[in-house]
Amino acid sequence: MPGLANTANWWRHAVVYQVYPRSFMDGNGDGIGDLRGVIDRLDYLVDLGVDAIWFTPWYVSPLADGGYDVADYRAIDPRFGQLADAEELIQAAAAKGIRTIIDIVPNHVSDQHPWFQAALAALPGSPERARFWFRDGRGDDGATIPTNWQSSFQGDTWTRTNNPDGTPGQWYLHLFTAEQPDLNWTNPQVRAEHEAILRFWFDRGVAGVRIDSAALIVKDPTFPDVEDHPYRPGQHPFIDRDGIHQIYQSWRAVAESYDPPRVMVGEVWLDDPERFAAYLGPHEMNTAFNFDFMTRPFEAAALRQSINTTMAAHEHLDAVPTWVLSNHDVTRPVTRYGRADSSFAFAAKRFGVPTDLALGERRARAAMLLVAALPGSLYIYQGDELGLPEDEDLPRSAIEDPMHFRSGGVDPGRDGCRVPLPWTAAATDNFGFSTSPPGQKPAPAWLPQPAWWGDYAADREAADPESMLSLYRRSLALRRSRVDFQGPDFAWLEGFGPKVLAFARGDINCLVNLSDGAIAVPPGHVLLASTSLNDGRLPSDAACWLVRDSIASASHASGLAADPTTPKPDHPSQTEEDPLACDHDAPRLATSPAPASEADPSNPLNSPIPSNGRSLTPDLPD
């Protein structure tokens, strides 16, 4: 497609921006984000410096679970637009150098999907019911659920149906809500349908798919109860069963049949690194989300361990690590990192947990420099680039998330990280979230925005060189322009103490200070810092990137180094005139892209960056 870099490996070091369509931008004034709104804000994403947009489900849906209850994969939900809008968006984004990734939800569909409606109308044992998991209940009257499986959203996983005469009938399985019946992946029609869905969207220019709940789709057909003991790998009744890989290998074959090949990204929540790695490689998924890192506390030992585990899991794979701080399911970093327990777990979410937002913001800034400096791909959830906190004061009456209701109201749910974005500091038009026809006032945003939302508005932050948005833009510009960040080189640096994360990417060092006091920064030129340095010292809960003296750098490097026989591009020496560099006596947050002389012109991702922050080169036609 015109505008896209001509490389099949773009995903290996891409920056992917997650769009939750309901909350990104409202293009017609109805208070609900839509695809027209995304089209209107593409230049914002260009200026941010992203390579791809990942859309959470935009299909027809009753929205029982935020769109993850899909009723029709071949149509856009009318609240978001039409199929023509999606096609226009894909092409418009590609023209600006941005690819499109969409969500596929293979574990289940909506209870309003035509297949499930046909199954409800059919008899037990019918072909219509064979696409799902219908079972008789236990006991003489069938009134006891078929298994004791617990839902990911808390509660039971079975709902009983009624027969045409009104008497109680069979039960159907749903690992999530009752409005999301699970599909039976032993059924050939289910497999054929999903491969056809992939082709439908790949034919329209989608660059890849993100696979929701990827490790859950295969079930033990004997439906044993879940027992209270660890299972051997692949033996759990519905998590990470061995038969799952054949399905994704077939999907990869579909993706590889396109030129350029399409990309598969898995949502794989697994604790075992080896089982996680089994989903990756040349015949299965290209990458998978790194949930282990995202859920760790903001502590040096925990983050270092996660980085080591992640790097080791990918070491011998044709895949790269992914790094992410949050998504549409997780408490935002600014709020989470300001808590006494800065880790994340769904079971621990409760109302009224105190947080220090100033501390959380400092840590979130440092965390951005950490993840942006690591090798692999980077995912950014919309609004994190603005430093948005979790909105923890949503009226109970406004909450829509089923996790809240299925917990009996003790879990606040996920809506606090889904509040529509503030685009303008002024509160009019829902803080700029809504665009309405002339003379008309937009409807209120679908989730209420707090009165202080304008403090984090995009227009205000764009004008502030020390804002979170400015930090994100500068870090992504550096990540794109500096050849050091493009390859796999990574080496831990020793001598900074156990509460400092320090590592080298080529000639660039990244320091993240998680100790209680400031640390001395080695001699060199600071490229970017999450906060101002004081007399050459990096404060606590802060990070910086610097180019060190080559001799000093060599004396500190150890462990996890890249193959020394691999040639690295040469860099011109940094000088006082280098616009990226700053002395310790004059530290600064501001920076600008590296000089074009430092870029490898043979690599499209290293091409000189124009004023809009992107390098656009032609792509092969599809």
Give the residue, chosen from Asn148, Asn163, that is open to solvent by 10 Å² or more (accessible area, probe 1.4 Å) and touching an Asp or Glu at 6+ places or on another chain (Cβ under 7 Å).
-> Asn148
What about Leu447, is it farther than 25 Å from Asp51 by Cβ, open to solvent by less than 10 Å² (accessible area, probe 1.4 Å) and in a loop (DSSP other than H, G, I, E, B)?
-> yes
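So that you can scan it fast, the table gives a plain yes or no per residue for (1) open to solvent by less than 20 Å² (accessible area, probe 1.4 Å); (2) modelled with pLDDT of 95 or more; (3) under 30 Å from Ala52 (Cβ atoms); (4) touching a helix residue (DSSP H, G or I) at 6+ places or on another chain (Cβ under 6 Å):
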| site | (1), (2), (3), (4) |
| --- | --- |
| Ser470 | yes, yes, yes, no |
| Asp489 | no, no, yes, no |
| Ala520 | no, yes, no, no |
| Ser530 | yes, yes, yes, yes |
| Pro539 | no, yes, no, no |
| Trp545 | yes, yes, yes, no |
| Asp549 | no, no, no, no |
| Ala557 | no, no, no, no |
| Leu560 | no, no, yes, no |
Quick check: anything in the stretch 99-112 more than 24 Å from Met264 (Cβ to Cβ), surrounded by fewer than 20 Cβ atoms within 10 Å (Cβ to Cβ) and not β-branched (Val, Ile, Thr)?
-> yes
Being crowded, with 18+ Cβ neighbours inside 10 Å and small (Gly, Ala, Ser) narrows Gly439, Gly413 down to just Gly413
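Condition check: among the hydroxyl-bearing types (Ser, Thr, Tyr) and touching a residue at least 40 places away in the same chain (Cβ under 8 Å). Does Ser250 satisfy that?
So Ser250 fits the description; yes.
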Restricting the stretch 64-92 to residues that are part of a helix (DSSP H, G or I) and in contact with a Lys or Arg (Cβ under 7 Å, 6 or more places away or on another chain), the one most open to solvent (accessible area, probe 1.4 Å) turns out to be Glu87
Just wondering, is there one or more residues in the stretch 47-60 that are closer than 18 Å to Trp201 by Cα, open to solvent by 30 Å² or more (accessible area, probe 1.4 Å), at pLDDT 95 or above and not hydroxyl-bearing (Ser, Thr, Tyr)?
-> yes
Working only within the stretch 93-124, note down all residues that are outside any helix (DSSP H, G or I) and closer than 30 Å to Arg12 by Cβ.
-> Lys96, Gly97, Ile98, Arg99, Thr100, Ile101, Ile102, Asp103, Ile104, Val105, Pro106, Asn107
In the stretch 428-444, what count of residues is obtained for those that are assigned to a helix (DSSP H, G or I) and of a type in the set (Val, Ile, Thr)?
-> 1
Could you please find all residues in the stretch 224-245 being more than 23 Å from His194 (Cβ to Cβ) and either buried (at least 19 other Cβ atoms within 10 Å of the Cβ) or not polar (S, T, N, Q) (or both)?
-> Pro224, Asp225, Val226, Glu227, Asp228, His229, Pro230, Tyr231, Arg232, Pro233
Matching residues, the stretch 199-223, being of a type in the set (A, V, I, L, M) and either within 17 Å of His108 (Cβ to Cβ) or open to solvent by 40 Å² or more (accessible area, probe 1.4 Å) (or both) = Val209, Ile211, Ala214, Ala215, Leu216, Ile217, Val218
What about Arg414, is it touching a residue at least 24 places away in the same chain (Cβ under 8 Å) and over 30 Å from Leu63 (Cβ atoms)?
-> no
Residue check: is Ala425 assigned to a loop (DSSP other than H, G, I, E, B), closer than 29 Å to Thr531 by Cα and open to solvent by 10 Å² or more (accessible area, probe 1.4 Å)?
-> yes
In the set Arg199, Arg204, the lone residue that is in contact (Cβ under 8 Å) with a residue 60 or more places away in the chain and within 30 Å of Ala8 (Cβ to Cβ) is Arg204
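Residues checked against (1) at pLDDT below 95; (2) farther than 27 Å from Cys510 by Cβ; (3) not β-branched (Val, Ile, Thr):
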{"residue": "Glu256", "(1), (2), (3)": "no, yes, yes"}
{"residue": "Val268", "(1), (2), (3)": "yes, no, no"}
{"residue": "Tyr279", "(1), (2), (3)": "no, yes, yes"}
{"residue": "Pro282", "(1), (2), (3)": "yes, yes, yes"}
{"residue": "Ala288", "(1), (2), (3)": "yes, no, yes"}
{"residue": "Phe291", "(1), (2), (3)": "yes, no, yes"}
{"residue": "Ala313", "(1), (2), (3)": "yes, no, yes"}
{"residue": "Asp318", "(1), (2), (3)": "yes, no, yes"}
When you look at Asp136, is it more than 28 Å from Tyr20 (Cα to Cα), at pLDDT below 95 and of a type in the set (D, E, K, R), yes or no?
-> no
Within the stretch 278-378, helices (runs of 4 or more DSSP H) holding 2 or more residues that are among the β-branched types (Val, Ile, Thr), in contact with a helix residue (DSSP H, G or I) (Cβ under 8 Å, 6 or more places away or on another chain) and under 28 Å from Leu528 (Cα atoms) = 300-314, 333-336
What do you reckon, is Tyr172 more than 13 Å from Pro106 (Cα to Cα) and of a type in the set (Ser, Thr, Tyr)?
-> yes
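Please determine whether any residue of the stretch 262-273 is more than 21 Å from Ala313 (Cβ to Cβ) and either of a type outside the set (S, T, N, Q) or open to solvent by 10 Å² or more (accessible area, probe 1.4 Å) (or both).
yes
The values are calculated or read from the model by the stated rules, or taken from the named source; none is laboratory data. Being a predicted model, the structure only gives us computed values, none of them experimental. Note: ideal-geometry Cβ built from the backbone for every residue, glycine included; neighbour counts use all protein chains shown. To get the accessible areas, we keep the full protein, side chains included, count just its heavy atoms, and leave off ligands, DNA and RNA. Shrake-Rupley method; radii C 1.70, N 1.55, O 1.52, S 1.80 Å.
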